[in-house]
Amino acid sequence: MIKQAIIPLAGLGTRLLPLTSVFAKELLPINGKPGIEYILDECIEAGVKEIIFIISKKKKMIKKYFYNDKFYKRIIKQKKDPRIIKEYRKLLKYKKMIKFVYQNKPLGTGDAVLKTKKYIKDKFFLMLLPDDLIVKKNCTKSMIKIHKRYSSSVMASMNVDKKTVSRWGIYKINKIINKNNFLIKDVIEKPSVKNAPSNKAVIGRYILPQSIFSKLKKQKAGKGGEIHITDAIQSLIKENNKFIAHNFPGKYLDCGSMNGYIKSTIEISKL
Ligand code: G1P
C-alpha cells in the first residue's frame, strides 16, 4: 500500500508571472478551487494517509492557507455561514494529513525529494508535481494498481508531439507489458529533438522506491544546473530496478504555463 505522498511546492512559478509575483501558483483558483486541492483530493481518494509539502520561506503562504484557524473561528462565530463552515472543515481535514519541509534554494526536483528523506517510512512512496492536473479519472489510483500488480516503481506517461520533447522527461521502452504499461529502458530529462529516444513523456506522478534517496545524495546537477529526479531514476534503472511507464486514464492539464492554466479552468468548468 502507498501511504505517503510528497509534493514539491518550492518552485517560483515564473511561467505564470505576474500572477505569481506575490502569490503561490498552487493556490491560484482553477474553476474556484486552488489547484493544490485537486492534487490533495486525488491522493486522498487513492488512499494516501500522509502528504509532505516541500515549500520555501517565500511560499509560506501555502502553510498559512491550511493554518488560518483563528481567522475562520472568528468569522464562523460572527456569520455561521454553512458554506464557510464546510470549507473550514475541509481545510482541517487536509491540515491533519499535511507535514511541511523546506527547500529554500531552488536546486531542482531531485533536491526537493531529498528533503523528505527522514519522513519516508515505507519502501515506496508517491510524488505528485502540482503543475500537472489530471482530471476525469484518478491517475494515482490507477498507478497504485500497477504498482501492486508488478511490485514495481511506476511513472505516469503519455505520448507527446515530437517537436515538444525538450519540455519533458522522455523514455525509451525496454518491453511492452500491455497496451498501457511499458518497462522502461532509459529516461532522459528534456532531450533535444535529435537526441530524444521517443515521443513518450513522463508526467508528474511517480511511485518511487526509498532507494532513490541514496542516488539523490550523489546526484550531480544536470540540465539547466538543477538536480533532477529523472537522472536519479535513470541511475536506478541502469542497476536493474524496475520502472513502469503507465499511460494513465484521465485528462491531462498543464497548469504551469499561462496558456495551460487558462485552458484548465475552461476544461474543469465543463466537467
Ligand atoms: C518535470 C520533470 C519532467 C516531466 C515533467 C512533467 O519537469 O522534470 O521529467 O516530464 O515534470 O510535467 P518540469 O515541468 O518541472 O520542468
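The values are calculated or read from the model by the stated rules, or taken from the named source; none is laboratory data. Keep in mind it's a predicted model, so treat the numbers as computed, not measured. Please note: Cβ atoms are built from the backbone with ideal geometry, for glycine as well, and neighbour counts cover all protein chains shown. With ligands, DNA and RNA removed, areas are computed over all heavy atoms of the protein, side chains included. Shrake-Rupley method; radii C 1.70, N 1.55, O 1.52, S 1.80 Å.
What's the longest uninterrupted piece of the chain once you rule out the chymotrypsin sites (Phe, Trp or Tyr not before Pro) that are loop residues per DSSP with at most 14 other Cβ within 10 Å? After excluding every exposed loop site, the longest remaining stretch is 68-271. Computed over region 65-170, relative contact order equals 14 percent, with contacts defined as Cα pairs under 8 Å that lie 6+ residues apart. Surface composition of the chain: carbon and sulfur atoms hold 54% of the protein heavy-atom accessible area at a 1.4 Å probe.
Looking at the square roots a ≥ b ≥ c of the eigenvalues of the Cα gyration tensor of the chain, which shape do they give, rounded for a/c under 1.5, prolate if a/b is larger than b/c, or oblate? Cα axes put the chain in the prolate bin.
Roll a 1.4 Å probe over the protein chains and send me the accessible area per residue for the chain in Å².
On the way: 13780 Å² over 271 residues.
On a per-residue basis, the chain sits at 51 Å².
Once the C-beta distance of Lys163 and Phe213 is scaled by a Förster radius of 22 Å, the resulting FRET efficiency is 0.05 to the nearest 0.05. Considering only Ile134, Ile176, Ile84, the mean-square fluctuation computed in a Gaussian network model of the chain, springs between alpha carbons under 10 angstrom, is largest for Ile84.
Modelled this way, with points 7 Å down the Cα-to-C-beta line, the labels at Lys99 and Thr14 are 3.2 nm from one another.
Which of rounded, prolate or oblate describes region 35-85 when judged by the alpha-carbon gyration tensor and an a/c cut-off of 1.5?
Numbers: a/c = 2.93, a/b = 1.44, b/c = 2.04.
Cα axes put region 35-85 in the oblate bin.
Just want to confirm a number: the relative contact order over the chain, from Cα pairs under 8 angstrom separated by 6+ residues, in percent.
Numbers: 493 pairs, mean separation 64.9, N = 271.
The value is 24 percent.
Approximating the spin labels as points 7 Å out from Cα along Cα→Cβ, the Lys117-to-Lys145 distance works out to 3.6 nm. Between Lys137 and Ile85, the simple spin-label model (points 7 angstrom out along Cα→Cβ) gives 3.9 nm.
When the Cα gyration tensor is reduced to axis lengths a ≥ b ≥ c, the ratio a/c is 1.5 or higher for region 161-253, and with a/b not above b/c it is classed as oblate.
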